[in-house]
Every structure is written in structure tokens, then in C-alpha cells.
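Report on the structure given below.
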Amino acid sequence: MILEKEYQREKAVMYARKYALVRNPLFYTFEGIGGNCTNFVSQCVLAGSCVMNFTPTFGWYYLSLNRRSASWTGVDFFFDFMTTNTGVGPFGQEIGLDDAEIGDIIQLSNGTEYYHTLIITEITENEIFICANSVDSLDRPLSSYNYVSLRVIKINGVRYDTRYIIDCFDSLYSPPGLEPIAPPME
């Protein structure tokens, strides 16, 4: 049976702050071969959801460098998955910046393409703060970035299969040992 649960925003932010300046050894780092920003944000969203979607081609998952979805590491693929997912895993929608919450995702554009993925870690009256990889950033003000436009992905919740209920946060946050998030792909 597929049910919905709340996205744990605080856990996503806690993970983001721990791994903004260092890398979690459970995951390959894509520095120097396209950047690590979306990989990092996917890890943060996983920490807040503990559910992957193992649908071949169009899912959102990471098992290893060579067994991962394009949406785990690609800016546009991540956006497409999160805003259209009707299966298991996190799901969301594009919203305006004024409606964002901690744990939501920002993607920056140079006017031609979206090129960088960030996670919101704090919102004050005058500023939004983010964590990111590639240009490692810990609670960096969004206003310090140069970009032409942005889009915000609100993570609305998480769908999960009741046969596979687990809390992965401890195993992600304190490696070693990534417990299985869902059954492996066939």
C-alpha cells in the first residue's frame, strides 16, 4: 500500500549543515566532472524523506556511481522528477520564493539554463540562507549569488510503500552503513 508522510525538513537541514563543507563517504563526489551540487541536495532530500524511487530511467535513486538515476545528479532531471513524481519518493511543485520553507530547493539560472542546486537552511525577515556543494557553502546568503533567475521547488511530502518503512537518517548522518532504502532494482 502506498501512503504519504511528511517531509522532515529539519533532518534535511541538519544533514545539509553537516555535509556542506565535507563529503559523506557513502556517496561518490562529482567535483571536477560536472559538479556535486545536485548530488548533495539529493542526499539532503533523502535525509528528510528516506525513500528513493527505483523506477528505471525516470526514478530518483542512488546505489553507486554507476547505479543512479539522472535525477539524482542532474539539475533539470532533479526538477522534472520532483515536480512530476506521482510514485514513491519525495514530490513537490514549483513555487515563488516568498512561499519557500527550510528544506525546500532553489535552482539558479544564468538566463540560458539552470546550473546550480541549493537547499534552504534558514529564512529570516531579510534573507534566505542556503547550503550547497561545488562551491561549498554553509548558511550562505542567497543574495551573495550572481544569477539571472531562479526557481524554487517546494517538497510537499513523501510517498512510501508500507512494506518498506525505515528511518534512514541515522545511517546517512553517521556513516558507515547505508541501510537499504527500498528493494533493489530488478
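No value in this document is a laboratory result; all are computed from the given coordinates. The structure displayed is predicted, hence computed values, not measured ones. A quick note on method: Cβ atoms are made from the backbone with ideal geometry, for glycine too, and the neighbour counts reach across all protein chains shown.
Listing for the model above:
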{"read-out": "Distance between modelled label sites at T124 and A70, nm, 7 Å Cα→Cβ extension", "value": "4.1 nm"}
{"read-out": "Computed [θ] at 222 nm, helices only, for the chain once each DSSP H run of length n ≥ 4 contributes -39500 (n - 2.57)", "value": "-6500 deg cm²/dmol"}
{"read-out": "Kirkwood Rh and Cα Rg combined as Rg over Rh, evaluated for the chain", "value": "0.93"}
{"read-out": "Per-residue Cβ neighbour rank within 10 angstrom, fewest leading, S71, S171, S134", "value": "S171, S134, S71"}
{"read-out": "Calculated from backbone phi, Karplus (6.51, -1.76, 1.60) coupling profile of the stretch 88-96 in Hz, x at Gly/Pro", "value": "5, x, x, 8, x, 8, 6, 9, x"}
{"read-out": "Candidates G89, G157, G111: whichever shows maximal mean-square fluctuation once the chain is modelled as a Gaussian network with Cα springs under 10 Å", "value": "G111"}
{"read-out": "Loop trypsin sites (Lys or Arg not before Pro), the stretch 11-70, which have at most 14 other Cβ atoms in a 10 Å radius of their Cβ (DSSP)", "value": "none"}
{"read-out": "Gaussian network model of the chain, springs between alpha carbon atoms under 10 Å - residue of T121, T84, T38 with greatest fluctuation", "value": "T84"}
{"read-out": "Solitary cysteines of the chain, where the nearest other Cys Cβ is not under 4.7 Å", "value": "C37, C44, C131"}
{"read-out": "Ranked list, fewest to most other Cβ atoms within 10 Å of each Cβ, for M52, M1", "value": "M1, M52"}
